[in-house]
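Every read-out reported here was derived from the displayed coordinates using simple, explicitly stated rules and does not represent laboratory data. Keep in mind that what you see is a predicted model, and the values were worked out from it rather than measured. Using ideal geometry, Cβ is built from the backbone for each residue, glycine included, and neighbour counts are taken over all protein chains shown.
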Amino acid sequence: MLVSWNWLSDYLNLDLDRETVENRLAMSGLNHEETHAAGDDFCIDLEVTSNRPDCLGHIGVAREIGVLFDRPLCFPNPQPAAAGPAVETLAKVTLQTDLCPRYTARVIQGVKVGPSPEWLVKRLETIYRTKSAKWKPVNNIVDITNYVLMESGQPLHAFDLQHLAGSEIIVRTAAAGEKLEAIDHQVYELDPGMCVIADARQPVALAGVMGGAATEVQAGTTNLLIESADFDSLSIRSTARKLKLHSDSSYRFERGVDPAGIDWASRRCCELILEIAGGELAAGVIDVGAPAAERKPVVLRLAQVERILGIRIPADEIRRILAALGNQEVSADEKQLVVNPPTWRRDLDREIDLIEEVARVHGYEQIPENASVPMAASHRSDHDRVLAKVRQVLNAAGFDEAMTISMISEDWSQAFSPWTDRPPIQASTPMIKGADRMRRSIVPSLLEARRINQAAGNDTVELFETAKIYLPQGAGLPREPWTLALSSGRSYHQVKGVIEALLNCLNPDLQLTASDTDQPLLDGAASAELSLAGQRFGFLGEVAAAGLKKFGLRSAATIAELDLSLLVAQSQLTPQHRAVSAYPAISHDLNFVVAESLRWSDLADTIRNSGGPLLESVDYREVYRDPKTDGADTKRILLSVRLRSPDRTLTSDDAEQARSSIIAACQQQHAAALVG
């Protein structure tokens, strides 16, 4: 942010040493880059962080100086005199997109476009001549809009009303194939979804970025429509990057503007135009869109200031600092303050934000190096605790944790996307060549890591990764679930055993169920969709031969991808005690001939439901196929059941009764035939 020293003096008394001000600003967060002499003025270059867009105007910087040096401020209160007809009879504004939360328009008729007065040129020259030695003032109207932008940080635009078809403003998204000649006289092809300002016929400006040549103010312009609005930050950033068209306006809209400053800047601009260029202001203002949301009060506990900073600051001083920063005090007592942050400080929404403000204004140099800061016990979230157990179990099972980038190629994205059928989000600027899709699964990244390791001679490659994936939801931001993905050289059943061991560690009562899934990357005979507590938990399977070839893998691989949020919700993180029976168990091996289509999980559920209270566990052993003996489309499943009583020794009759109940249920529900 380039600031004119003389310009700042319009708002507060600057009988201060300039270097002292620069150093104090730097110590409070506005880093001083350099200062250039500009005639009888100085141009000060300040680095403004992205969370402080309020300092992207001279008024914002003046506020900072006023707070730091306890100086009163004097800002203009523009009240332009309206004498013309109602503005609604001269122009119309329609919003057709959510990318513009608010749009205001005022109309001035009968202006005289000409050169800007000397004082205005000198103000702008201090700023813009530092940027470019070729800078020249445009005309009094354009220079006024630039002046108000640099004064308040609110971008404005002046349209030649006579060249707006239908005297109408339509804020909408660009249609396919539309083009715009901007005021830099370059023609830009617009992508669908870009926010544009259009009249009744065509786009006339790139919203928040640059105006169009067709409606720019020229020497013959007499009637103006003054735009002051707010636009979606992400949309402006995307448009500016896509078109490589960055401006002072886009820079500010990308960081957010003060909702209360929109109308102020419009009134200020109109007041200066009437003063310098004459004309007649239409009565009223067209103000469309949703009103700004009310700020929630923030509570500051006074004891927290001393606990976090290590020094005691009097309560009256804390109240003075917060009030000087624009916070409105709602209530106060000896223990806490409740304030409403100002509209221009959107970065103040937590208690710690207020404490930081108190610290930087009071002065970081006031905090001794040896100040003791008491430590407070922290609490890990359930998510972090589950992640710790996940890492512990998988490391113990021989897996190493991987970290891969979130962007992949379109080919990889299409190879495996079990969570959604929506197309992936595409980045306009790839992180690396070809990787321009936000991944909908971690699996392709792990398979590539597997290929690289195999190429380097690492035969044992057991990897896991926990990260977010990005699932589009149509309009708006994507859903970003945390997932756990595994890549292994082991078999389907071995990896499934690792997952079951993980579940047993987090909640021994959880039962993993598997059902058929159709994933082209996976072998249909060795893959499944996994469920937990009746909800989709993830996917598991051996990579099919075509998948191995696609990812350049030399040997068999098995992958799994699990929903961590479901795992967190179902975990039992408080250790539970369960008494172990002191009485002996009785085990039975059962060998059933069943249909080829029957899944182990279905058979296991039947056994658990029919085994009664004596059934302690059921364990899978193996599958065997003998079509000559058992018939086509059949298989044998060998399993073991363990029976035990918590309070007595089982008799042979007890065990036989439970065994018979299990066999009968399997025969009835699955037509299972017991062998042997």
Filtered hits (aspartates and glutamates, Cα-Cα < 13 Å from Lys134, offset >= 8 within chain) -> Glu125
Rg/Rh of the range 381-427 (Cα atoms, Kirkwood Rh), to two decimals, equals 1.12
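Counting helices only, and only those DSSP H runs with n ≥ 4, report the 222 nm mean residue ellipticity of the chain as the sum of -39,500 (n - 2.57) divided by its residues, in deg cm²/dmol to the nearest 500.
Values: 20 runs with 215 residues, N = 676.
It lands at -9500 deg cm²/dmol.
In Å³ and rounded to a whole number, note down the convex hull volume per residue for the Cα atoms of the range 2-69.
78 Å³
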Computed over all unlike Cα pairs, the Kirkwood hydrodynamic radius of the range 227-273 in Å stands at 11.5 Å
Of the convex hull enclosing the alpha-carbon atoms of the chain, the direction-averaged projected area in nm² is 42.4 nm²
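Once you wrap a convex hull around the alpha carbon atoms of the range 578-631, what is its projected area averaged over all directions, in nm²?
Numbers: hull surface 20.1 nm².
Its average projected convex-hull area is 5.0 nm².
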Between the Cα axis of helix 233-243 and the main Cα principal axis of the chain, the angle (0 to 90°, nearest 10) is 80 degrees
Nearest 10, in degrees from 0 to 90: the angle of helix 652-670 to the longest Cα principal axis of the chain is 60 degrees
The range 382-570: Kirkwood hydrodynamic radius (Cα pairs, Å) comes out at 16.8 Å
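Provide the net charge surrounding Thr97, with neighbours chosen by a C-beta distance below 12 Å and charges set as Lys +1, Arg +1, Asp -1, Glu -1.
Details: positive: Arg172; negative: Asp98, Asp232.
That works out to -1.
Could you compute the net charge surrounding Asp230? Neighbours are other residues with a C-beta less than 14 Å from the C-beta of Asp230; K and R count +1, D and E count -1. Before the final figure, lay out the partial values.
Details: positive: Arg102, Arg252, Arg255, Arg346; negative: Asp98, Glu227, Asp232, Glu254, Asp258, Asp263, Asp287.
With Lys, Arg at +1 and Asp, Glu at -1, the net is -3.
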Any lysines whose Cα falls less than 24 Å from that of Lys635, other than same-chain ones fewer than 8 residues away, would be Lys496
Charge dipole of the chain built from unit charges on the beta carbon (Lys, Arg +1; Asp, Glu -1), centred at mean Cα; most positive-end Cα among Tyr470, Thr343, Ala672 is Ala672
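As a footprinting exposure proxy, order Arg267, Arg312, Arg24, Arg391 by other Cβ within 10 Å, with the fewest listed first.
Numbers: Arg267 22, Arg312 10, Arg24 17, Arg391 14.
Final ranking by Cβ density, sparse to dense: Arg312, Arg391, Arg24, Arg267.
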Given pairs Lys468/Lys550; Lys244/Lys549; Lys389/Lys549; Lys136/Lys433; Lys242/Lys468; Lys92/Lys122 and cut-off 29 Å on Cα-Cα distance, the over-length ones are Lys244/Lys549; Lys389/Lys549; Lys136/Lys433; Lys92/Lys122
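Sort the following peptides by mean Cβ neighbour count (other Cβ atoms within 10 Å, averaged over residues), highest first: 13-23, 583-593.
583-593, 13-23
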Taking only the Cα positions of the range 298-366, the convex hull volume per residue in Å³ is 74 Å³
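Fewest to most neighbouring Cβ within 10 Å: what's the order for Trp600, Trp412? Working shown, then result.
Numbers: Trp600 17, Trp412 23.
Lowest to highest Cβ neighbour count: Trp600, Trp412.
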Rounded to two decimals, the Debye log10 I(q)/I(0) of the range 299-449 (Cα scatterers, no solvent) at q = 0.15, 0.19 Å⁻¹ is -0.83, -1.05
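Suppose a student asked you for the relative contact order of the range 82-289, using Cα pairs under 8 Å spaced at least 6 residues apart; what percent would you report?
Numbers: 453 pairs, mean separation 76.9, N = 208.
Over the range 82-289, the number comes to 37 percent.
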Diffing the range 57-68: the Karplus 3J(HN,Hα) column from phi (6.51, -1.76, 1.60, θ = phi - 60°), in whole Hz with x for Gly and Pro, holds x, 5, 5, x, 5, 4, 4, 4, 5, x, 5, 5
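Å³ per residue of the Cα convex hull, for the range 82-289? Before the final figure, lay out the partial values.
Numbers: hull volume 22.5 nm³, N = 208.
Measuring per residue, one finds 108 Å³ for the Cα hull of the range 82-289.
Please give the peptides 506-518, 318-330 ranked by average Cβ packing (other Cβ atoms within 10 Å per residue), highest first, as a rough proxy for protection.
Numbers: 506-518: 14.6, 318-330: 17.6.
Taking the mean over residues of other Cβ atoms within 10 Å, the ranking is 318-330, 506-518.
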